[in-house]
Each structure stands twice: as structure tokens, then as C-alpha cells.
Amino acid sequence: MKLQNILGISAGFHDAAAAVIDQEGNILFASHSERYSKQKSDPDIAWSMLNEIDMSKIDTIAYYERPLIKQLRQLYAGQGIEWNKLTMHQVLEQQLGYNRINSRKLKNYNHHRCHAAAGFQTSTFDRATVVVIDAVGEFETITIWAAEYNKKGLACYKRLWTQYYPHSIGLFYSAITGRVGLRPLDEEYILMGMAAYGHRDNVNQMRRDLVANEWEIQFKDNLHTGVDTTYLDRMTDMNIAACAQEIAEDLILNVMVRAKKFNWSTNLVYMGGVALNCAANARIGNYFDDIWIMPCPGDAGSSLGAAALAYGKRINWTNAYLGHNIPGAYPVHSLLDNLLDRGIVGVASGRAEFGPRALGNRSLLADPRGNTIKDQVNEIKRRQQFRPFAPVILEEHADNYFDMPRGFSNSRYMQVVARCRHPDLFPAIVHADSTSRVQTVPRDGSGIRELLEKWYVLTGCPMLLNTSLNIRGEPMVNDRADADRFEQLYGVTVCS
Ligand SMILES: [Fe+2]
């Protein structure tokens, strides 16, 4: 049999992932190691995940960064590691096993270039300005690229601007995440949620203390090791979060202004872990006409980016349902029955989502109306009371309920917040600042689309509450066995 497929790997740091592309540019598989090992943010490849992949067809394995250069940076940063000179070949052997890499072509690419490719080559754009903002790659922390396809259809990237370690918006945000007692490089989304409750009166003090040059995105100290636990200790955690969010947004917008000044394209591809900040994302539409953020913009998504670079051409992106498959038709009728009877139900059907958001295939769904549903869902999720849940809505009704921000006529992957027009009617899905992290569902033939249509006919309400289906402390439900455990633990029906 002719070897033809490309396996992309992102591993060794956090949230390991694998993606497979065939020779026509179709994505055959993409998922996170944690969903298989059940270990949240698992940094290593779970070999049970590789059982999903037909290794006999893999021709090339592509890795998402350059290990030796990264290790140089880690030494430079004093991260307490030994200089072990691990090559890409050795890293892949550790992650996949000798037999899986033997006789295959091995390639690796620059970390930020993989982010850029994961975005540009899954977009519909022929030409785009690409912005990558993360914590740190090898040495890069922010990059701006001019991307286009040449006459042969090959993606070409020209780097326009770079900021380097230790000057990093992602590391700044992670440092403040640690300052308020959350886990850096993991719980930044909670810091973002806290920000809506704080006031920003002291933002200029934080700015003066930490930021050296806002336009160049330079900080006064290396924030990789965090800030002192007593820093701003007279401020509440909510206020600290609010100030950090404002500074991060202002710095991100400065990067966008700089990117626009290159005048390369009015299309923006935005990638890197910082692109998960959906409150900041709501402000970037002022600078570009069309925006694409691949639904897995962080390092896990770079498994697809590395594969895309090895492939070279545009990837056929259809949706984010790329992981483990639970076969069978989407259980629309049993979901509706449970929603009408009990107001809450789980669904584990079809292929699991690639990326951090549950988009209807591994979701806990609920009637979003009224004052009691948030407590009921929280009884299961046990997350911080201040955090709202997200709505999933028929796309054609979104404007009646939400003011979608400029640049985002839709939000199919829950990547942006929008002001809710009727916060009093839907308190469970509205944040303290009256915004919601909306998922809009087009007429795409998906199961969640059919469910919403029927729910709307029966109730007059075009939306549901949608949160990820996961057992507390575990990653998102992946297979039927996970769904069964969820049912037993919480007494909530999970339909497949
Ligand atoms: Fe990254």
C-alpha cells in the first residue's frame, strides 16, 4: 500500500495532540492526548490515541517546533533543565516509539510558523495577514506574517515582525494568573472570567510597574517566573484580573495596529494561545474586515499546523468534529425529551471536538431560560459561581439576542464575546458585564443544528445553554465509557 498521509505531532510541553492529513488535504483525525489518557493537559502522546490512526499509511511525521533551539532558550531562561541535546528524531522516538517513526520521513518546523500554518491553511483566504501571539515558542513570543498561495497552490509565509522572549503578552497574563492563585498556562480563562467583576482604577499603576514599552510590547522584567505573591496585595483578585485584562487587550490591539500597517491584507488569521481570550477578540474586528481563528489556536492546534506545512497546500477545513467517533445518528429526539422533562441533558455523539470548546458533540445542554438552571448545572460542574455558561444559538437568530462584535458576523467556535440584548431573561448564560461567549450554528446539517431547530419550534427559544461534558477534574468526555461514568456519577442522562 502506498504511504501517503502526514501525521502532525505537538507534544512535550502541555496538551499534546496529533493530527492526520491525507494527500487530498482532508483532515482525517485531530485530537488531544488528554482525552485518551484522562490526564488533563497531558504533555505526552497517549499511545491509545495513536490506535485511532492507521500508521501503515503514514508517510511523513511532522513535529511542531525545533527541540534544540527551544532547549537553548530554556537554558538561557534558567529553567533548571539539563542540556540533553534531544533532537527531533529522539523526541519523536520518545513520544511515538521507535517502530512508529522508523522508515518514515521526519520533519520539523518553527513553533510560530506552525501556529501560522494551522490558521492560514485552514482558512478560506487566498491571502492574509497572520498574527501569532502566545507565551513563547522557541524564542518568539509574537510574530506577524504575510501569507499567500503561489501559482502552484503552495502556502508561502514571509515574516514581517517578531517580538522575542522574555517580552510576552502570554507570559504577562500567565504571571497574573499565578498571582491570583490560579494555575499559569492552564487557568488563564478563569482570570479572564474574573476580570468582568473587577474595576480598573489601578490599571495605570500595573502598567507603570510592568510594561516598559506598549508599542514595542516590552516588559520591565522577565515575567516567566511570575510576579511576587505580594504584588498589589491591597487590591482584590478581581481588580487585579480586570487590570491585567485591560493591559493585555491594549497590547494585543497594538499588535493588530502594527499588523494592519503592513498593508498586506484586510483578512486576519489570528493564532496562538492568546487568541483564546474571547473578551479581547471582541475588539480586534476594528482593524480587519474578515477574521479567522482556527478553533484550536494553541499549541495542540500546531499538530495540524506542522502537518499543514509538510503538506504545503490549503487544507480542507469543514468543522471541528475531528476526534474519536461515537457512531450512530445524533440523538435529537431523546435529547429533546430530556430537555423538556428535566431541563438538562448530556450528549456524546459523533466525532469529538478538536480544541478546548464543546460544540455540541460532547456537551452538557440545558434550557437557558430562568433563574434556577445555572445552579443546577453548577451542581454538576462545581465551577466558580461567578462564571457563566455559554449559549449555543441558531445563527439566523443571533442578532436578535446578541450584539455581535465587528468582524464577527458569526461565532461558530465560541471564540468571541457579544453583548446580550436580554440579560434578564437568560441569567445563566450572561456574564457580569452583560456579555456571552456565543456559539452560532449555521444550516450545516449538524446534529446540534437539528436539535436547536426542533427546540425552537417547541419552545420559541432558539438557544440552549452549552457547557463541556466532563467529569470534575477530568478532560472532556471522549468515548462511550466516559459518558457512562458521567451518567453514573451525576444521574444526568447522556444520549448517544
Ligand atoms: Fe505556542
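The values are calculated or read from the model by the stated rules, or taken from the named source; none is laboratory data. Here the structure is a predicted model, which means the values were calculated and not measured. FYI the Cβ positions are ideal-geometry reconstructions off the backbone, even for glycines, and counts take in every protein chain you see. All accessible areas refer to the heavy atoms of the entire protein, side chains included, with ligands and DNA or RNA removed. Shrake-Rupley method; radii C 1.70, N 1.55, O 1.52, S 1.80 Å.
Brief remarks follow.
- Accessible area (Å², 1.4 Å probe, nearest 10) - R208: 150 Å²
- Highest mean first, the peptides 252-258, 266-272 sorted by other C-beta atoms within 10 Å per residue fall in the order 266-272, 252-258.
- For the stretch 187-271, with all protein chains in place and a probe radius of 1.4 Å, 44% of the accessible heavy-atom surface sits on carbon or sulfur.
- Placing pseudo-labels 7 Å out from each Cα toward the beta carbon at Q94 and L68 gives an inter-label distance of 1.6 nm.
- Extending 7 Å from Cα along the Cβ direction at N400 and again at N102 yields two label points whose distance is 6.3 nm.
- Accessible area in square angstrom per residue, the stretch 17-59, 1.4 angstrom probe: 37 Å²
- Dipole of the chain, positive direction: furthest Cα of S496, T124, A11, with charges on the beta-carbon: T124
- Charge dipole of the chain (Cα centre as origin; +1 on each Lys and Arg Cβ, -1 on each Asp and Glu Cβ, all else neutral): 1000 debye, rounded to the nearest 20.
- In this structure, the amide hydrogen of A390, modeled 1.01 Å from its nitrogen in the peptide plane, lies closer than 5 angstrom to those of N466, counting only residues at least 5 positions away or on a different chain.
- Cα centroid separation, the stretch 41-104 to the stretch 1-36 (Å): 13 Å
- For the pair L154 and D341 in one chain, pulling the backbone fully straight at 0.36 nm per residue adds 62.0 nm over the alpha carbon distance.
- In the chain, taking the dipole from charged Cβ atoms about the Cα centre, the farthest positive-side position among I240, N286, G328 is held by N286.
- The Cα center of the stretch 131-180 and the Cα center of the stretch 443-496 differ in position by 35 Å.
- Alpha carbon centroid spacing (whole Å) that separates the stretch 413-437 from the stretch 312-370: 21 Å
- Gain on full stretching of the segment that runs from S56 to N213 - 0.36 nm per residue minus C-alpha separation: 51.3 nm
- Tensor-based shape of the stretch 374-429 (alpha-carbon gyration tensor, a/c under 1.5 rounded, otherwise prolate or oblate): prolate
- Length-normalised contact order of the chain in % [C-alpha pairs under 8 Å, at least 6 apart]: 16 percent
- Segments 405-414, 390-399, 359-368 sorted - mean Cβ within 10 Å per residue, highest first: 359-368, 390-399, 405-414
- Separation of the N410 and N316 label points, Cα + 7 Å toward Cβ, nm: 1.9 nm
- DSSP-defined antiparallel bridges as percent of all bridges, the chain, nearest 5: 70 percent
- Net charge dipole, the stretch 393-496: roughly 160 debye, given to the nearest 20, about the Cα centre with Cβ charges of +1 for Lys and Arg and -1 for Asp and Glu.
- Helix-derived mean residue ellipticity, 222 nm - over the chain, DSSP H n ≥ 4, -39500 (n - 2.57), to 500: -9000 deg cm²/dmol
- Largest to smallest in accessible area, the residues Y490, Y197, Y64 fall in the order Y197, Y490, Y64 (1.4 Å probe, all protein chains included).
- Potential lengthening between L86 and T372 on full extension [0.36 nm per residue; Cα-Cα distance subtracted]: 97.6 nm
- Which listed pairs, of K57/K105; K381/K454; K85/K220, have C-alpha distances above 24 Å, in listed order: K381/K454; K85/K220
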